[in-house]
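Below is one structure, written out as structure tokens; comments come after it.
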Amino acid sequence: MYDVLILGAGASGLMCVSELATCKDLKVGMIDANLHIGAKIKISGGGKCNITNTKVSEDNYLGDEKFVSSVLSRFTKDELLEFLQVNSLKPVIRKNRYYFCEKSSDEIISIFKRLTKNVSYFLGEDILHVEKKDDLFFIKTSKKTYSTRNLVVATGGVSYKTLGASDIGLKIASGFGIEVTDFTPALVGLTLQKDQFWMKELSGISAEVEIEVDGKRLSEEMLFAHRGISGPVVLSASLYWKKGNMYINFLPAQNINNLIKNSKKNISSVLNLPKRLSKGLLEALHVEDKPCNRLSKDELQNLQAVHKYAFSPAGNFGFTKAEVSRGGVRTDELDTDSMMSKKVKRLYFIGEVVDVTGELGGYNFQWAFSSGVVCSRHIKNKIF
Ligand SMILES: Cc1cc2nc3c(=O)[nH]c(=O)nc-3n(C[C@H](O)[C@H](O)[C@H](O)COP(=O)(O)OP(=O)(O)OC[C@H]3O[C@@H](n4cnc5c(N)ncnc54)[C@H](O)[C@@H]3O)c2cc1C
């Protein structure tokens, strides 16, 4: 029998168990389907793990703002950076905002391995079912049944099934009558409707754009892909998009009217965009590529859409490509001080399995780590 069992050896579970492992008297165990811990950390950020961001606030998340802000304030990005520093990991900052491991994600995984030496790992076991009898939780896996006094569900979302992902977290919650929101793919590329098929011709091209979606303005690189659009700004926009239009500003740092004013050059060469993109965009806007001073009134009018191009995605690239799953255990079911279920005492949910999803840029690991620490601190304080 365990004092605490953690289901899922991903980012949130590992941070939680690292904190718990500091209490030598606690009998702590961790179960995961994978044979190695931190499978998603390993491949994240192109193998270098974008750990967190220089600016982190509830505005970077889809979820209940108060809940998110409360959890993030209990283990901030500065505390996370301090934790990394104490454990000799010096992250590098990219693009002035993203914290990455310098060489490889293994730098952070090895911290967790070191801190959890006295934790019992049960790897290569599928979690099948959980029930509670009297005061104990019983966890049935593909190999055996475990019992524990405190149960932490850190089983993440359903994207990237090849890395052990499953919806067991939602099944466990639902089994206890805890309300959940179904998972949908997020941080994912978007597919095109017929009238935007012109973008298909641009596969491989990228541009710095601004996207406005559901009241949010996001700026970063957009990438044209074979199936649609992708790249950092599109992935973040996918988080907030449900249906209808989003708006792309292809020239966020310039004003189209200033660019064409008094110019005799062809319009495609004054737009500061890759040539193929300029040409495709002009065609889509029904603007002939001719000298700027010869544009008709209608063309001048149509050209304004370079700042607000209405884009209505057909859908997205799906769970196999999505970096995260939107949805999860509803936050009004959880206590913000502990991540414990309000309905079931000593049952906790942390990380991506909770209905809080961050934008691209290290926000999802920050959430996983913050919620993991909030949970472990509560368990430690309660037991000792
Ligand atoms: C390609 C990719 C790149 C990413 N890059 C970044 C990045 O750079 N920065 C960032 O902030 N976020 C990134 N993310 C998102 C981030 O990885 C997740 O949000 C984060 O890992 C969530 O942590 P978690 O602990 O909640 O879940 P996970 O890390 O997914 O861990 C859940 C664990 O539970 C286990 N599990 C699930 N079901 C079962 C079951 N039935 N039986 C046994 N075990 C089970 C899984 O095997 C897994 O190990 C990326 C995601 C992907 C897919």
Notebook entry, point to check: How high is the relative contact order of region 130-274, in percent, with contacts defined as C-alpha pairs under 8 Å that are six or more residues apart?
Noted result: 16
Item checked: Modelled label reach - Thr76, point 7 Å along Cα→Cβ, region 317-358 residues with backbone N closer than 19 Å -> 337
Item checked: Local electrostatic count at Phe83 - Lys and Arg +1, Asp and Glu -1, tallied over other residues with Cβ under 12 Å -> -3
Checklist line | Alpha-carbon centroids, region 250-316 and region 25-79: separation in whole Å | finding: 41
Check: With every protein chain present, what accessible area does His307 have (1.4 Å probe, heavy atoms only), rounded to the nearest 10 Å²?
Finding: 50
Note to self: With the cut-off at 28 Å, tell me which of the pairs Lys161/Lys216; Lys95/Lys321; Lys264/Lys297 have Cα atoms farther apart than that.
What the structure shows: Lys161/Lys216
Next item on the list: Work out, step by step, the length gained on full extension between Ile43 and Arg276: first 0.36 nm times the residue separation, then minus their alpha carbon distance; give nm to one decimal.
Entry: 80.6 nm
Check: What relative contact order, as a whole-number percentage, does region 190-316 give when Cα pairs under 8 Å and 6 or more residues apart are counted?
Finding: 30
Item checked: Packing-based ranking, highest mean first, of 39-46, 140-147 given that Cβ atoms within 10 Å are counted -> 39-46, 140-147
Notebook entry, point to check: About its Cα centre, what dipole magnitude does the chain give when the only charges are +1 on Lys and Arg Cβ and -1 on Asp and Glu Cβ, stated in debye to the nearest 20?
Noted result: 620
Checklist line | Relative contact order %, the chain, counting alpha carbon pairs below 8 Å whose residues are six or more apart | finding: 24
Note to self: Name the residue from Asn262, Pro252, Ile205 whose Cα lies farthest towards the positive end of the charge dipole of region 190-316, charges +1 on Cβ of Lys and Arg and -1 on Cβ of Asp and Glu.
What the structure shows: Asn262
Check: Taking N as the number of residues in region 1-113, what value does Rg over Cα atoms divided by 2.2 N^0.38 Å take?
Finding: 1.13
Note to self: Give me the one-decimal nm value for the distance between modelled label points at Lys380 and Lys144, 7 Å along each residue's Cα-to-Cβ direction.
What the structure shows: 2.9
Note to self: Which order do you get for Arg97, Arg346 if you rank them by accessible area with a 1.4 Å probe, largest at the top?
What the structure shows: Arg97, Arg346
Next item on the list: Go through Lys55/Lys243; Lys103/Lys308; Lys42/Lys275; Lys113/Lys242; Lys140/Lys382 and tell me which ones have a Cα-Cα distance over 31 Å in this structure.
Entry: Lys103/Lys308; Lys42/Lys275; Lys113/Lys242
Notebook entry, point to check: Hey, what's the Kirkwood Rh for region 181-331 if you take every pair of different alpha carbons, in angstrom?
Noted result: 16.1
Note to self: Regarding region 57-215, what's the average projected area of the Cα-atom convex hull, expressed in nm²?
What the structure shows: 14.6
Next item on the list: Let me know the Kirkwood hydrodynamic radius for region 43-101, please, with Cα pairs as the basis and the value in Å to one decimal.
Entry: 12.4
Check: Packing-wise, with mean Cβ within 10 Å as the measure, how do 104-115, 220-231 rank, highest first?
Finding: 220-231, 104-115
Check: Using only the Cα atoms of the chain, what do you get for the radius of gyration and for Dmax, in Å?
Finding: 23.7, 82
Item checked: Potential extension, Asn257-Arg114 segment - 0.36 nm per residue separation minus Cα distance -> 45.6 nm
Margin query: Considering only protein heavy atoms and a probe of 1.4 Å, how much of the accessible area of the chain is carbon and sulfur, as a whole percent?
Written below: 48
Notebook entry, point to check: Hull surface divided by four, with the convex hull built on the Cα atoms of region 293-355: how many nm²?
Noted result: 8.6
Next item on the list: With r as the distance between the Cβ atoms of Thr162 and Ser104 and R0 = 25 Å, compute the FRET efficiency 1/(1 + (r/R0)^6) and round to 0.05.
Entry: 0.80
Notebook entry, point to check: With Rg and the Kirkwood Rh both taken from Cα atoms, where does Rg over Rh land for region 144-226?
Noted result: 1.16
Next item on the list: Mind ranking 292-299, 125-132 by how tightly packed they are, going by the mean number of other C-beta atoms within 10 angstrom, highest first?
Entry: 125-132, 292-299
Check: Can you give the percent of C-alpha pairs in region 116-170 whose distance is more than 17 Å?
Finding: 45
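The values are calculated or read from the model by the stated rules, or taken from the named source; none is laboratory data. Keep in mind the model is a prediction, meaning the values are calculated, not measured. Cβ coordinates were reconstructed from backbone atoms using ideal geometry, including for glycine residues, and neighbour counts include every protein chain displayed. Side chains are part of the model used for accessible areas, which takes the heavy atoms of the whole protein and leaves out ligands, DNA and RNA. Shrake-Rupley method; radii C 1.70, N 1.55, O 1.52, S 1.80 Å.
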